[in-house]
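The values are calculated or read from the model by the stated rules, or taken from the named source; none is laboratory data. Source: prediction; values computed, not measured. All Cβ positions, even for glycine, are placed from backbone atoms using ideal geometry, and neighbour counts span all protein chains on display. The accessibility values were calculated without ligands, DNA or RNA, using every heavy atom of the protein model including side chains. Shrake-Rupley method; radii C 1.70, N 1.55, O 1.52, S 1.80 Å.
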Amino acid sequence: MKIKLIYLTLVLVFLSCNKAKKKPSTQNNVKASNINSIRLELLTDALNTPIQMSIPDDDTHRKFLTNRGGQIWILENKTVLPIPFLKLNTAQDSLGLEGPEGIGTINGMAFHPEFSTNHKFYVCYNAAPSIVNDPVKLVISEFLAYNENPNLANKESEIRVLEVEGDQISHNGGEIAFGPDGFLYISIGDDAMDDENYVHHAQDLNHFYGKILRINVNTLPYSIPSDNPFVGISDAKPEIWAYGLRKMWRYTFDPKSKQLFGADVGEGQQEEINIVTKGANLGWPYMEGESVYMEDNSIDKSGFKPPINTYSHEDGICIIGGDFYYGKENPNLQNKLVFGDFKGSIFSLSQETNGKWTRELLEIENKPKDVFLICGFDTDEDNELYVMGFSNTDVGPKGAVYKIMH
């Protein structure tokens, strides 16, 4: 029973989108033929809930694996080192999953662009609150790796950069990543998580919920880039880069175009991929993908930036996001955005000559025996692509990291 409850908790964390509502027709631009096939090569199954693979630009060829339960591990030559690089949680169950109220749960990490010289990295995680009625707070913190032991982080070096509190923040954490401009981008969701009294804040520029933030962490705790879209505007937080999103669990910067591609998790109708630009309003909670979520005739929807691709819950239940592929192992995936859905499907997205984006389902030739629930995608220093997540096996959740092969 305990294992089943743990599994259900994980599903709720990733999947708060899947509610019973009418099913719209399957959305735009899907190829029904010429399906590419891929294979999954197991890299490691040593972690319970791997959600991210990060590689610093330091020529060490180390792969850092974020376990959602509260640790960051180092993978070398398909072997996970016995001591975690960083361990945040203080209370775990026997499977190493989240502690009480999700305290210690990691949403993501990001290495500073100059990590090889300054040893700085950043973690987005759930911490104990300072407001009595809140279960947790969302924290983005800076840490340092030890000079004398680069395989170990100095937990005592933590400097809290940003803190966000609120009733639903425990499952509204998202990704942190440095953009091509050197600034740190932070996605924070606006998911009510079955709270009928929840007030959505995605359209409120005086609130961090439902936003992508953009800050400069080279001055602590941080400073505001002067070209952020809402700098100097009253009743608007200057950290905001874009707004109107529900739960952008993962996003990526295309190394070629430098554009930000975000995967916004739907409520109960559609999952969507967006190109997120400066000051963009993605429309939540009035729009969910290309469907109306909240009826309000007084709202002018003409300024909402539409997604480039959507799909209904006939094709998936919770979009995870992915990365552009520029490696050598999979020539058929060149220049395509490869992403997944929590229930295990993997897609590619490519732009046609007419400008439209077309989604294609990828056939997995060697699917895992147990249903593989996808939690993240990342690339290595050779631009090869990896997918990570967990399966609900007979003995409980079992994590895995796979390399995507042709």
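Annotations for the structure displayed:
- Sparse packing (at most 16 other Cβ atoms within 10 Å of the Cβ) combined with a DSSP loop state is found for the following trypsin sites (Lys or Arg not before Pro) in the stretch 307-406: Lys328, Lys356, Lys369.
- Heavy-atom surface of the chain, accessible at 1.4 Å and reported per residue (Å²): 41
- The portion of the accessible surface of the chain made up by carbon and sulfur, rounded to a whole percent, is 48 (1.4 Å probe; DNA, RNA and ligands excluded).
- Intensity falloff of the chain expressed as log10 I(q)/I(0), Debye formula with alpha-carbon point scatterers, at q = 0.06, 0.08, 0.09, 0.10 Å⁻¹: -0.21, -0.39, -0.49, -0.62
- Couplings 3J(HN,Hα) of the stretch 366-378, computed from phi: 10, 4, x, 4, 8, 4, 9, 8, 7, 10, x, 10, 7 Hz, in residue order, whole Hz [Karplus 6.51 cos²θ - 1.76 cosθ + 1.60, θ = phi - 60°; x for Gly and Pro].
- Where only C-alpha atoms are counted, convex hull volume of the stretch 167-220 per residue in Å³: 96
- Overall form of the stretch 190-343 per C-alpha gyration tensor (a/c, 1.5; a/b vs b/c): oblate
- Low-density loop cleavage sites - GluC sites (Glu not before Pro) in the stretch 290-356, where at most 14 other Cβ are within 10 Å (DSSP): Glu295, Glu314, Glu352
- Computed label-point distance, nm, for sites Lys78 and Thr277 using a 7 Å Cα→Cβ extension: 4.6
- Percentage, to the nearest whole number, of Cα pairs in the stretch 212-271 over 13 Å apart: 70
- Filter on Lys78/Lys211; Lys258/Lys367; Lys137/Lys336; Lys256/Lys305; Lys120/Lys211; Lys63/Lys367 - keep pairs with C-alpha separation over 31 Å: Lys78/Lys211; Lys258/Lys367; Lys137/Lys336
- Principal axis dimensions, largest first and in whole angstrom, of the stretch 256-298 by Cα: 38, 23, 11
- Shape analysis of the stretch 255-404 places it in the oblate category; the axes a ≥ b ≥ c from the Cα gyration tensor give an a/c of at least 1.5, with a/b not above b/c.
- Cα shape, the stretch 155-259, gyration tensor, a/c 1.5 rule: rounded
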